[in-house]
Amino acid sequence: RAKAAGTGGFVCYDPAMTAEVEARRRLEAELRRSLADGDFRVHYQPIVEVATGRVCSVEALVRWQHPERGLLTPQEFVPLAEQTGLITSLGEWVLRTACAEAARWPGRMKVAVNVSAVQFRRPGLLESIEQALREAGLPPDRLEVEITETVLLENEERNVSVLHRLKSLGVAVALDDFGTGYASLAYLTMFPFGKLKIDRRFTRDVLTRPDCAAIVCSATALGLSLGMTVVAEGVETPGQLEIVRITGVTQAQGWLFGAPMPADAIAGRIAAEVTDRPRRLLADAS
Ligand code: C2E
Ligand code: MG
Ligand code: MG
Ligand code: MG
């Protein structure tokens, strides 16, 4: 079958595989067409400061408004976009769109953009980031780049240099899905991460599984002691929030604070928080 072809180096033609290959080919053609036609959307999910409950940054998450199949989530097309290299154009589009959107938000709200390993390894990454910031008129310290551990596996020297150049530009780098990849702890000393995002699978079971609670606890302690901001992904319930708060997690993201939403909805949410601030300060003072 198709999987065996990758490892064993032989291809066996059976009808099921032909159909699978056909479906992938069709999806690839549709991906290309949708890139040209502007069928992708960026949704935005709030990330809050645990101490205050205030939104401090927003993660950009891509969606595909498929002409026939409706709104598709990344798991349905990002892997194929990575295999075909289309993720680089798609990722650059997300970057430009998110920077342009963030430049319109009031306050100094940050935007976080995911960068795939494939896109990260291509030359020109820094240039496309600088260009997106320049075109949007967004100050670099309002952009965060999220990468996963798989980005770091190859070409250590170049990665160190790219990450340092991003840092000196003023762009923060977050290590996403921490605890699920292949990274060694040494990576935390080699690369200048400002932020550690603890993967949702640990947050999810933090109340019911002592092993997950232990991982959240020690990952948080590790991140904080290295001077990083620690984020818990996938906080869905007040109970989970209470645990991550006690643990010392700096920021939280999850359905409890809001699911990913279209640009106008997040802009409204941010504007409401910003205008609410003077009122809150007055209330606190009286
Ligand atoms: P991620 O970067 O770890 O993003 C967080 C994912 O968790 C998002 O899924 C978000 O919708 C989901 N999530 C957040 N809070 C909760 C919660 O409380 N409960 C549950 N069950 N889920 C929650 P989404 O949007 O489906 O994205 C999945 C992954 O696809 C992302 O994981 C990221 O790795 C990738 N991705 C998304 N947008 C982009 C992009 O523009 N470029 C690249 N290269 N990858 C992207
Ligand atoms: Mg992310
Ligand atoms: Mg993540
Ligand atoms: Mg994830």
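Listing for the model above:
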| quantity | calculated |
| --- | --- |
| Solvent-accessible area per residue for the chain (1.4 angstrom probe, square angstrom) | 50 Å² |
| Selection of GluC sites (Glu not before Pro), region 113-168, meeting DSSP coil and at most 11 other Cβ within 10 Å | GLU154 |
| Region 165-220, accessible surface, carbon-and-sulfur percent (1.4 angstrom probe) | 55 percent |
| Helix axis angle, 263-285 relative to the chain longest principal axis, alpha carbon, degrees | 10 degrees |
| Cα gyration tensor category, rounded, prolate or oblate, for region 182-251 with a/c compared to 1.5 | prolate |
| Shape of the chain, Cα gyration tensor, a/c cut at 1.5 | prolate |
| Efficiency of FRET from Cβ geometry, ALA186 and GLU127, R₀ 25 Å, rounded to 0.05 | 0.30 |
| Cα centroid separation - region 198-233 against region 67-132, whole Å | 27 Å |
| Region 63-105 shape via C-alpha gyration tensor axes, a/c threshold 1.5 | oblate |
| Unit charges at the beta carbon, dipole of region 85-211: most positive-side option, LEU185, VAL171, VAL160 | VAL171 |
| Rounded to 10°, Cα long-axis angle of helix 125-136 versus longest principal axis of the chain | 60 degrees |
| Acute angle (nearest 10 degrees) that the helix 210-225 long axis makes with the longest principal axis of the chain, alpha-carbon atoms | 70 degrees |
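The values are calculated or read from the model by the stated rules, or taken from the named source; none is laboratory data. The structure displayed is predicted, hence computed values, not measured ones. No Cβ is skipped: glycine too gets one built from the backbone with ideal geometry, and neighbour counts run over all protein chains shown. In case anyone asks, the SASA skips ligands and DNA or RNA and just uses the protein heavy atoms, side chains included. Shrake-Rupley method; radii C 1.70, N 1.55, O 1.52, S 1.80 Å.
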